[in-house]
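A.B. asks: This is the structure I have questions about; it appears just below.
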Amino acid sequence: MEKKLYIANWKSHKTASQALEWLESFGKNSQKMDFKNKIVVVCPAFTALSACFSYIKAHNLPILLGAQNVSKFSEGAYTGEVAARHIREFAEFVIIGHSERRTNFLETDKDVEEKVARAKQERLRTIVCVQDEKGFIPKDSDYVAYEPVAAIGTGNPDNPDNIQRVFHVLRSTTGRTSFIYGGSVDDENITSFLNVPHFGGFLVGGASLDPVTFLNLLSQ
Ligand code: PGA
């Protein structure tokens with residue numbers, strides 16, 4: 001069975017010390033859990049990546065790290081940017097093209113394409129977000145996450161039938177066989193998605209902020 005990805009997108013929440021509290025609670029409450037068929041990826045703010053990396057290593061937690069964005073430039077004179085090379089020191093994954101970046105930071109398909117290329121140069125595994133079945137997906141993307149805007153942060157997830165329809169279209173247009181869904185997934189509705197064909201995992205925002213809720217969600 002293919003392992004499902006459970007990606008916690010903390011967005012612009014949690015300082016480094018709050019992130020460590022979360023990891024401590026996760027560690028304490030997950031000791032009896034079986035992660036055999038799951039890959040857990042936590043995506044904190046850039047400023048918390050280093051502390052999380054050290055903590056996860058020291059406590060041998062079953063968590064991989066991801067970033068929520070990456071510069072489209074390689075390292076150099078780009079004030080304020082965080083390049084793939086910087087991320088790779090601590091993380092293995094990166095989310096690219098989230099709708100919040102498209103809306104608030106005017107990211108375009110071309111930016112997404114360039115970011116995927118930079119990330120791949122540093123061997124980061126890329127999670128590219130699309131808002132619908134027509135969304136732009138660079139060829140080199142590792143994972144595709146379907147994230148309908150109306151479902152993000154609203155408590156109204158897309159329904160499994162429509163997710164199945166979108167995955168079906170994405171499957172025929174991309175040839176891929178596994179897709180991620182994100183948008184108001186929580187510990188109560190998660191089981192309704194698990195049987196959708198080609199379901200490869202979840203991108204979880206709000207319900208990932210509390211470690212106990214996130215563990216509940218993982219345990220289903
Ligand atoms: P949400 O966010 O789970 O809070 O809806 C999902 C996302 O934006 O990745």
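A.B. asks: Give the residue that is farthest from ILE163 (Cα to Cα), with candidates limited to residues of region 103-152 that are of a type in the set (D, E, K, R) and assigned to a helix (DSSP H, G or I).
C.D. replies: First pass over region 103-152, keeping only residues of a type in the set (D, E, K, R): 107, 109-111, 113-115, 118, 120, 122-123, 125, 132-134, 139-140, 142, 147.
Now restrict to residues that are assigned to a helix (DSSP H, G or I): 109-111, 113-115, 118, 120.
Numbers: ASP109: 22, LYS110: 26, ASP111: 26, GLU113: 24, GLU114: 28, LYS115: 26, ARG118: 30, LYS120: 28 Å.
The extreme case among them is ARG118.
A.B. asks: With respect to ALA45, determine if the residue is touching a Lys or Arg at 6+ places or on another chain (Cβ under 8 Å) and modelled with pLDDT of 95 or more. Quick ask: steps written out before the conclusion?
C.D. replies: On the way: touching a Lys or Arg at 6+ places or on another chain (Cβ under 8 Å): yes; modelled with pLDDT of 95 or more: yes.
So ALA45 passes the test.
A.B. asks: Give region 16-31 a look and list any residue that's in a helix (DSSP H, G or I) and of a type in the set (Gly, Ala, Ser), or say none.
C.D. replies: Hits for region 16-31 are ALA16, SER17, ALA19, SER25, GLY27.
A.B. asks: OK, next. Please list, ordered by first then second residue, the pairs with beta carbon atoms under 8 Å, 6 or more apart or interchain, first in region 55-71 and under 12 Å from LEU124 (Cα atoms) and touching a residue at least 60 places away in the same chain (Cβ under 8 Å), second among the aliphatic types (A, V, I, L, M) and buried (at least 19 other Cβ atoms within 10 Å of the Cβ).
C.D. replies: Close Cβ pairs satisfying both conditions: GLY66/ILE7; GLY66/VAL41; GLY66/VAL42; GLY66/ALA91; GLY66/VAL94; GLY66/ILE95; GLY66/ILE127.
A.B. asks: Checking GLU100 against (1) of a type outside the set (A, V, I, L, M, F, W, C); (2) within 16 Å of the ligand (Cβ to nearest atom); (3) without any contact (Cβ under 8 Å) to a residue 40 or more places away in the chain, only one condition comes out false. Which one?
C.D. replies: (3)
A.B. asks: Then there's this: Can you name every residue in region 193-218 that is in a loop (DSSP other than H, G, I, E, B), on the phi < 0 side of the Ramachandran plot and away from the ligand (no atom under 11 Å from the Cβ)? Please lay out each step first, then the result.
C.D. replies: As a first pass, look at region 193-218 and keep what is in a loop (DSSP other than H, G, I, E, B): 193-198, 205, 209-210.
Now drop any that are not on the phi < 0 side of the Ramachandran plot, which leaves 193-197, 205, 209-210.
Within region 193-218, PHE193, LEU194, ASN195, VAL196, PRO197, ASP210 qualify.
A.B. asks: Only residues that are within 12 Å of the ligand (Cβ to nearest atom) and either in contact (Cβ under 8 Å) with a residue 60 or more places away in the chain or within 23 Å of ASN37 (Cα to Cα) (or both): list them for region 148-192, please. Talk me through it step by step, then tell me what you get.
C.D. replies: Restricting attention to region 148-192, the residues satisfying the condition of being within 12 Å of the ligand (Cβ to nearest atom) are 148-158, 180-187, 189-190.
Correct list: ILE180, TYR181, GLY182, GLY183, SER184, VAL185, ASP186, ASP187, ASN189, ILE190.
The values are calculated or read from the model by the stated rules, or taken from the named source; none is laboratory data. Keep in mind that this is a model prediction, so the values were computed, not measured. Neighbour counts are summed over all protein chains in view; Cβ atoms, including those assigned to glycine, are modelled from backbone coordinates with ideal geometry.
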